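Below is one structure, written out as structure tokens; the observations come after it.
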Amino acid sequence: MSAIPLAIPTEASISVDWFNQCFASLGLQTQVVGFTAKQIGTGQIGKCIRYSFDLKNVEAQTPDVPLSVIGKYPADDESSRMTGVALQNFLKEVRFYQQLQDRLQIKTPKCYFAEIIDQGPEFFVLLEDLAPGEQGDQLLGCDPVVAKAALTELVGLHAPSWCDQSLRGLTWLRDEELAQSSATMDMYRAQLDGFIERFAPHLTEDEQWIIKQVGAVENSPFTASFPEPFSLIHVDYRLDNLMIDRSGGGCKITALDWQSITLGAPMNDVAYFIGAGLEPEVRRPVEEDLVKGYYQDLVNAGVQDFGWEACWQNYRSGAFAGFAVTVIASMLVQRTERGDEMFATMARRHARHALDLNAQEFLI
């Protein structure tokens, strides 16, 4: 990241001079003389722009000088911006790159700049462009090969932070007082009727039932106390937030969008990804093998105090992790045609996932 203070740019103010100052502060010997800008991605809270550079004496540049980068700004929509502030999405993303990225093994893009004013919405993050990798597509889902690669990469987030008590001192990461309240359940219940009204045509009766049941019970995974074991969790680890690089015959995953990172139950990330990313008919025959693969990678990474039975039970209860993201976020961010299709798809997959796992037994 930039080693000297620089002003936080906007789309309108970012300039050749700003880029040159940023790269110079990182010791990169380059001279940007022009750039083009193109919006990419489908984010609901943030807005991403690819900047492609015209460089002076490009042949003389050192190999680590980027020819293009990704700039991330708050969304244009005012309600989405205010949601990003209220949920600390902007603050968490900046702090992740400032304080946590270097402590982890999960593959993330190189960060050239990350700054924020208070809790936002004024912030800016400048990241490595991961082309030729391509963004995953939540609507299309993925095959088991991509799912296995994504879960293997996820171990690089969970294992290095496994039960690390020092992380509980980062108040931006998880406000202990707020987390022990019923805030998530209150938000879920407040948005539930509107969510059902909007998305009921896309859901079967039993899928609607289990989504409603989460809000009807007194105790659910949303009201659970601080989990044991715990780790850093992404919270929104799904295909739209991953870059997938299949060049060279392999499948490499890079994780993006660290706007929701917190401390929580690691199997929530696993269940969320599998439930959101695979159509039920694709998921069912490979599900247990995928979870076992993740578990073995976790053990190989040094986690020795977590048995398989506990892993599988935590995975089953983690099936509800996607309910909160889907119900709450869908009603708080700017409404778009793709957004509605995505949230409907996620609601259907997560509800069917929970029903397949008989996870309703955790709702009491």
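Given a Förster distance of 45 angstrom, what is the FRET efficiency for Met82 paired with Glu279, based on the Cβ-Cβ distance and rounded to 0.05? Taking R0 as 45 Å, the efficiency between Met82 and Glu279 is 0.85.
Per-residue Karplus couplings for the stretch 295-305, computed as 6.51 cos²θ - 1.76 cosθ + 1.60 with θ equal to phi - 60°, are listed in order as 4, 5, 4, 5, 4, 5, 7, x, 7, 10, 10 Hz, Gly and Pro entered as x.
Per the Debye calculation on the stretch 210-364 with a single equal scatterer at every Cα and no solvent contribution, log₁₀ I(q)/I(0) for q = 0.11 Å⁻¹ amounts to -0.44. Under a GNM of the chain (C-alpha, springs under 10 Å), which listed residue has the highest mean-square fluctuation: Phe195, Phe123, Phe35? Taking springs between Cα atoms under 10 Å, the residue moving most is Phe35. Ordered by the number of other Cβ atoms lying within 10 Å of each residue's own Cβ, fewest first, Glu197, Glu287, Glu279 fall into the sequence Glu197, Glu279, Glu287. Each residue of the stretch 277-294 was assigned a 3J(HN,Hα) from its phi angle through the Karplus expression (A = 6.51, B = -1.76, C = 1.60, θ = phi - 60°), giving x, 10, 4, x, 5, 7, 5, 3, x, 10, 4, 5, 5, 5, 5, 5, x, 4 Hz with x at Gly and Pro.
Note on Lys110: aspartates and glutamates with a C-alpha under 18 Å away, same-chain residues under 8 apart excluded, are Asp64, Glu93, Asp102, Glu128, Asp129, Glu134, Glu153, Asp245, Asp257. Remark: C-alpha extents of the stretch 16-128 on the principal axes read 46, 31, 23 Å, sorted largest to smallest.
Pairs exceeding a 32 Å alpha-carbon distance, out of Lys72/Lys212; Lys38/Lys292; Lys92/Lys292; Lys38/Lys252; Lys38/Lys107: Lys72/Lys212; Lys38/Lys292.
Using only the C-alpha atoms, the convex hull of the stretch 82-173 corresponds to 132 Å³ per residue. Choose one of Gln98, Ala265, Leu67: the residue whose Cα lies farthest towards the positive end of the charge dipole of the chain (beta-carbon charges +1 Lys, Arg; -1 Asp, Glu; about the Cα centre). Projecting each Cα onto the dipole axis, the largest value belongs to Leu67. Values [x] 6, 26, 33, 20, 10, 4, 1, 0; [y] 5, 23, 30, 26, 13, 2, 0; [z] 5, 24, 33, 25, 10, 3, 0 are given for comparison; P(r) over Cα pairs in 10 Å bins from 0, in percent, derived from the coordinates here, is the one labelled [z].
Placing unit charges on each Cβ (+1 for Lys and Arg, -1 for Asp and Glu) gives the chain a dipole about its Cα centre, and among Ser330, Leu6, Ile196 the Cα reaching farthest toward its positive end belongs to Leu6.
Each peptide in 260-268, 82-90 gets a packing score, the mean of other Cβ atoms within 10 Å over its residues, and the list from highest to lowest is 260-268, 82-90. For the stretch 16-128, the dipole from Cβ point charges (+1 on Lys and Arg, -1 on Asp and Glu) about the Cα centre works out to 320 debye, to the nearest 20. For the stretch 246-331, the fraction of C-alpha pairs farther apart than 20 angstrom is 43 percent.
Of Leu170, Leu290, Leu157, the residue with the greatest mean-square motion in the GNM of the chain, using alpha carbon springs below 10 Å, is Leu170. Its Cα centre serving as origin, the chain has a Cβ charge dipole (Lys and Arg +1, Asp and Glu -1) of approximately 360 debye. Ordered by the number of other Cβ atoms lying within 10 Å of each residue's own Cβ, fewest first, Ile70, Ile45 fall into the sequence Ile70, Ile45.
Along the axis of the charge dipole computed for the stretch 16-128 (Cβ charges of +1 for Lys and Arg, -1 for Asp and Glu, origin at the Cα centre), the listed residues Leu55, Ile117, Ser80 are led at the positive end by Ser80. For a test of the definition: using alpha carbon positions, the gyration tensor, and the 1.5 limit on a/c, classify the stretch 145-290 as rounded, prolate or oblate. Taking the square roots of the gyration eigenvalues as a ≥ b ≥ c, the stretch 145-290 is oblate. The magnitude of the dipole of the stretch 214-364, with charges of +1 and -1 set on the Cβ of Lys/Arg and Asp/Glu and taken from the Cα centre, is near 280 debye.
Per-residue ellipticity at 222 nm, computed for the chain from helices alone with -39500 (n - 2.57) per DSSP H run of at least four residues, works out to -12000 deg cm²/dmol.
Read-outs throughout are calculated quantities, based only on the coordinates presented, and are distinct from any laboratory measurement. Just so we're clear, the structure is a prediction, and the values are computed from it rather than from any experiment. Positions of Cβ are generated from backbone atoms using ideal geometry, with glycine treated the same way; all protein chains shown enter the neighbour counts.
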